[in-house]
Amino acid sequence: MMKFSSRLKRAFVNCDCLIVIPTIVLCIIGVLMVYSASSTNLAYANASTTSYFKRQVIFDFVGLLIMFGILVLRENGLKKFGTNLLKFITIFLLIYVLFFTAPVNGARAWISLGIVSVQPSEVCKFMMVLWLSRELDKRHKSKKIGKKFYLSSVIVTLLVIGMLIILEPDFGGFCINFSIVLVLFAVSFLCSGKRGKVNNILFFVFSSLIVMMGLFLLRADSVVSWMKENIHSYTIQRFIGYQDPFGHVATSGKQLVNSYVAISNGGIFGLGIGNGIQKRGYLPEPYTDFVLSVTAEELGFIGVLIILIALATLIIRIIVIGAKENELYYRLICYGTATLFFTQSFLNIGAVCGLVPITGVTLPFVSYGGSSVWILSACLGFVLMISAKQKDRRRQKDLEVM
């Protein structure tokens, strides 16, 4: 008991404020905006106006417990998470949600557990960061990073898991997981000598071609016309609405157009919390994907700026921690987590502003949801642990110098 209490005390002494404070700020804004965005529609439905608010408070509280719980784990606690067991559990959940759950909003992406629904693609993000970091670190230490390992890992991570996510379909989750894989492979190749640098160049050339091709397809009017004539799925309609929102203002472009209106209404200082208009039946489920639109309308540019600063502080700090780390495994965890936060934030903010198609990705710690908050909190817990280890090493060096 004494040993645990001393470890707990040391963990909190080493706690990184540039990680914890922005997280708490985002959680506070998220709780306020979830309540504001959901209470009106709940009142219309004669339901409790605080139901989503109470759930979000619980989600955030549990998330903070997860984050600080991982922080006080022993060193071997970090190693045990990066195992094949986590990968197999993720694949099982992805298969289960695909074949044994009912579709919601055109996708089979959630497993209902009563008060909370688990999204396997969220668990997959956590798995990608930890499992792939572990695998790349092991191959790097044994000097087995080469074409065979590269190809086999891409097949396992992108083809098997990626195809399961696409079949849901969850293109937002696929983009985030693909980005994590891209960054982790790039970092590991850069750390593996000349052979790695050559593979890294080829990898980026290949991925750049894919990105350019994707952007071309999204903007090609002929392809969009073909989709209009031949495909009528929920996901494709989102892409059509992104390409021409005002031409489909009554159907697939409704969300984006109303998001524009909300942002325009907010101005610099906003209309005030609770005074937003677009959340009142114009934006479907405004407390999830489009909570930033409600924030822009009620808190204005200032409120959005606070969220952006908090997210930027988190991402930059995680990258700095990773850059200072000498051990590849810990460095990859940091860079993978930073990629997760950046890509998820970009997809959500981009969808609200019409820069990218709507993919249903939540805004970290601001949008309503339990599984997203818990996965992001777990990733931050590992980053906090790595930061605490670095502080211990610096303190030990200072004692040796003295």
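The values are calculated or read from the model by the stated rules, or taken from the named source; none is laboratory data. Owing to the predicted nature of the structure, the values given are computational and were not obtained by experimental measurement. All Cβ positions, glycine included, derive from the backbone under ideal geometry; neighbour counts span all protein chains shown. Ligands, DNA and RNA are excluded from the accessible area calculation, which covers all protein heavy atoms including side chains. Shrake-Rupley method; radii C 1.70, N 1.55, O 1.52, S 1.80 Å.
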>> I'd like to verify a number: residues in the range 99-117 that are touching a helix residue (DSSP H, G or I) at 6+ places or on another chain (Cβ under 8 Å) and modelled with pLDDT under 80, how many?
In response: 9
> What number goes with the only condition from (1) assigned to a loop (DSSP other than H, G, I, E, B); (2) within 28 Å of Phe174 (Cβ to Cβ); (3) without any contact (Cβ under 8 Å) to a residue 40 or more places away in the chain that Asn326 does not pass?
Replying inline: (2)
> Taking the stated definitions as given, is Leu184 at pLDDT below 80 and within 22 Å of Ala323 (Cα to Cα)?
Replying inline: no
>> Pairs needed: first member in the range 53-72, touching a residue at least 40 places away in the same chain (Cβ under 8 Å); second member anywhere, of a type in the set (Lys, Arg) and open to solvent by 30 Å² or more (accessible area, probe 1.4 Å); C-beta distance under 8 Å; at least 6 residues apart or different chains.
In response: Val72/Arg7
> Going by the structure shown, is Asn46 at pLDDT below 90 and more than 18 Å from Thr288 (Cα to Cα)?
Replying inline: yes
> Do you know which residues across the range 156-172 are modelled with pLDDT under 80 and either open to solvent by 30 Å² or more (accessible area, probe 1.4 Å) or within 18 Å of Leu136 (Cβ to Cβ) (or both)?
Replying inline: Val156, Thr157, Leu158, Leu159, Val160, Gly162, Met163, Ile166, Leu167, Pro169
> List the pairs whose first member sits in the range 284-296 and is in contact (Cβ under 8 Å) with a residue 12 or more places away in the chain and open to solvent by 20 Å² or more (accessible area, probe 1.4 Å), whose second member is among the aliphatic types (A, V, I, L, M) and assigned to a helix (DSSP H, G or I), and whose Cβ atoms are under 6 Å apart, counting only residues at least 6 apart or on separate chains?
Replying inline: Tyr287/Val34; Tyr287/Ala37
> Can you tell me which residue in the range 333-354 is surrounded by the most Cβ atoms within 10 Å (Cβ to Cβ), limited to those that are aliphatic (A, V, I, L, M) and over 13 Å from the mean Cα position of the chain (by Cα)?
Replying inline: Ile333
> How many of the residues in the range 364-375 are assigned to a loop (DSSP other than H, G, I, E, B) and either open to solvent by 10 Å² or more (accessible area, probe 1.4 Å) or touching a Gly at 6+ places or on another chain (Cβ under 8 Å) (or both)?
Replying inline: 5
> Has the range 51-61 got at least one residue that is among the charged types (D, E, K, R) and buried (at least 20 other Cβ atoms within 10 Å of the Cβ)?
Replying inline: yes
>> For the range 297-321, give me each residue that is surrounded by 21 or more Cβ atoms within 10 Å (Cβ to Cβ) and over 27 Å from Arg55 (Cα atoms).
In response: Ile318, Ile321
